[in-house]
Amino acid sequence: MRLAVALRAADDRFVDDVVQEAFLLARHDWSRIRNYDKPEHWVITVAWRMLRKIQAKDRYRVSYVEPPAISDPSCIVVTNEQVYAAVRRLSRRQGEAIILQMLGYPVADSAKIMGVTPATVKTHLHLARNRLRKLLRAGAE
């Protein structure tokens, strides 16, 4: 859950608070939520909505770190931090789709969490992969 929020957060200061608050809300409404097929979908959705509200209110921005220089251009190494930074640069929907895929959710479950059709998730995944490829190549040069 923390990873799902951290990958969408522009500032790590809020990640733990958002995750904790989402779980507290889930605990408060557990009598209703426990009957859902996958209660974790509800928690992720609530956490992302809370994060969006914080980001819209405070207008926090990500500061990007220059990737290390690579001496051999045929060997491109990408760190987790570079991938996370690139994911944060995606559009909201593309980022959500890629994060859910990274967490192992099938397209159908991702569609339910995001409130869209599976075809829309597939489109966002395709666009996100292309954008990530460009961002990571540009960062490695």
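The values are calculated or read from the model by the stated rules, or taken from the named source; none is laboratory data. Quick caveat: nothing in here was measured; it's all calculated off a predicted structure. Reconstructed Cβ throughout: ideal geometry from the backbone, glycine too, with neighbour counts over all protein chains shown. Surface areas here come from the heavy atoms of the whole protein model, side chains and all, with no ligands, DNA or RNA. Shrake-Rupley method; radii C 1.70, N 1.55, O 1.52, S 1.80 Å.
Would you say Gln82 is modelled with pLDDT of 80 or more, open to solvent by 50 Å² or more (accessible area, probe 1.4 Å) and in a helix (DSSP H, G or I)?
It is false that Gln82 is modelled with pLDDT of 80 or more, open to solvent by 50 Å² or more (accessible area, probe 1.4 Å) and in a helix (DSSP H, G or I).
In this structure, is Ala6 more than 20 Å from Val121 (Cβ to Cβ), among the small types (Gly, Ala, Ser), modelled with pLDDT under 90 and open to solvent by less than 50 Å² (accessible area, probe 1.4 Å)?
Taking the combined requirement at face value, the residue satisfies it.
Determine whether Ser110 is at pLDDT 90 or above, under 15 Å from Ile44 (Cα atoms) and among the polar types (S, T, N, Q).
Taking the combined requirement at face value, the residue satisfies it.
Looking at Asp72, is it modelled with pLDDT of 85 or more, farther than 16 Å from Leu3 by Cβ and not in a helix (DSSP H, G or I)?
It is false that Asp72 is modelled with pLDDT of 85 or more, farther than 16 Å from Leu3 by Cβ and not in a helix (DSSP H, G or I).
Quick one: would you say Pro67 is over 15 Å from Val15 (Cβ atoms), exposed (fewer than 15 other Cβ atoms within 10 Å of the Cβ) and either at pLDDT 60 or above or not hydrophobic (A, V, I, L, M, F, W, C) (or both)? Steps first, please.
Details: over 15 Å from Val15 (Cβ atoms): yes; exposed (fewer than 15 other Cβ atoms within 10 Å of the Cβ): no; either at pLDDT 60 or above or not hydrophobic (A, V, I, L, M, F, W, C) (or both): yes.
In short, no.
For Arg13, only one of the following conditions fails: (1) at pLDDT below 85; (2) open to solvent by 50 Å² or more (accessible area, probe 1.4 Å); (3) part of a loop (DSSP other than H, G, I, E, B). What is its number?
Every condition holds for Arg13 apart from (3).
Quick one: in the range 108-132, which of the residues that are part of a helix (DSSP H, G or I), in contact (Cβ under 8 Å) with a residue 40 or more places away in the chain and open to solvent by 60 Å² or more (accessible area, probe 1.4 Å) is nearest to Glu81 (Cα to Cα)?
Arg131
State which residue pairs qualify: first residue free of Cβ contacts under 8 Å to residues at least 40 places away in the same chain and inside the range 1-19, second residue open to solvent by 10 Å² or more (accessible area, probe 1.4 Å) and not in a helix (DSSP H, G or I) in any location, beta carbons under 7 Å apart, and separation of 6 or more residues or different chains.
Val19/Met1
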